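Scroll down for the structure; my scribbles are underneath it.
The values are calculated or read from the model by the stated rules, or taken from the named source; none is laboratory data. It should be emphasised that the depicted structure is a prediction, and the values quoted were computed from it without experimental measurement. Backbone-built Cβ (ideal geometry, glycine too); neighbour counts: all protein chains shown.
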Amino acid sequence: MRNLLWLPALYGLAACGQTAPQERNESAANKVETSGKTEVPLGEVPGEVLAAANAAQPGFKAAEAESETRDGRRYFDVGGRLADGSAIEFDIMEEGGGWRVVETQRDIELGAAPAAVRDMAGKFPAVRVIESRQADGLVIYELYDSRQRKLEIKWDGKTAEALTKEWAH
């Protein structure tokens with residue numbers, strides 16, 4: 001999404017240019033397999049997808065959407081604004097013939113993250129922080145530096161853990 005969460009699209013493009021699976025290095029093995037994101041006009045987004053986003057956050061106004069397949073699962077990323085004007089994005093996954101929100105993302109300042117997450121981030125020079133709330137209650141903090149390097153930290157409400165493998169959603 002151009003104005004909302006642009007970095008995941010870069011990772012999708014990078015995945016399209018990777019070498020064949022047998023030629024990948026070890027760090028590539030820790031990446032999520034993706035088809036890459038494709039912009040979808042809102043009028044072409046299934047109504048069930050938009051209904052899932054609206055049910056997750058009343059007052060949500062969709063502005064843009066993308067589709068992709070990640071690790072064999074079909075997703076729509078629907079971005080827009082809440083009634084207060086803040087930007088938000090929902091990752092909505094097809095499952096059992098229906099659609100459910102599996103992740104809700106918003107940009108935050110690192111200072112708004114829990115102290116344990118800030119401590120885990122240490123001296124990582126984050127210029128952008130995305131708070132990714134998972135459907136199961138976990139929160140993944142995605143920190144990016146000015147060179148687009150990424151640090152992911154999982155927060156379970158009590159402890160912070162730096163991830164060594166990219167989070168599935």
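Determine if segment 130-137 includes at least one residue that is assigned by TED's automatic domain parsing to the domain that holds Val40 and at positive phi. Don't jump to the end; show me each part of the working.
From segment 130-137, those assigned by TED's automatic domain parsing to the domain that holds Val40 are none; that's our starting set.
No, segment 130-137 contains no residue that is assigned by TED's automatic domain parsing to the domain that holds Val40 and at positive phi.
Of the residues Glu89, Glu95, which is surrounded by fewer than 19 Cβ atoms within 10 Å (Cβ to Cβ) and either outside the structural domain of Tyr141 (by TED's automatic domain parsing) or of a type in the set (Val, Ile, Thr) (or both)? If you could, list the steps in order and put the result at the bottom.
Working: Glu89 fails: surrounded by fewer than 19 Cβ atoms within 10 Å (Cβ to Cβ).
Residue meeting the stated conditions: Glu95.
Would you be able to tell me the number of residues in segment 54-102 that are out of contact with any Leu (no Cβ under 8 Å at 6 or more places or on another chain), of a type in the set (Asp, Glu) and part of a strand (DSSP E or B)?
Going through segment 54-102 one residue at a time, the tally reaches 5.
Is it true that Ala115 is surrounded by fewer than 20 Cβ atoms within 10 Å (Cβ to Cβ), in the same structural domain as Ile140 (by TED's automatic domain parsing) and of a type in the set (A, V, I, L, M, F, W, C)?
On the way: surrounded by fewer than 20 Cβ atoms within 10 Å (Cβ to Cβ): yes; in the same structural domain as Ile140 (by TED's automatic domain parsing): yes; of a type in the set (A, V, I, L, M, F, W, C): yes.
Yes; evaluated as a whole, the condition is true for this residue.
Name, by its number, the condition in (1) closer than 28 Å to Gly47 by Cβ; (2) in contact with an Asp or Glu (Cβ under 9 Å, 6 or more places away or on another chain); (3) free of Cβ contacts under 8 Å to residues at least 24 places away in the same chain that does not hold for Ala135.
So Ala135 meets the others, but not (3).
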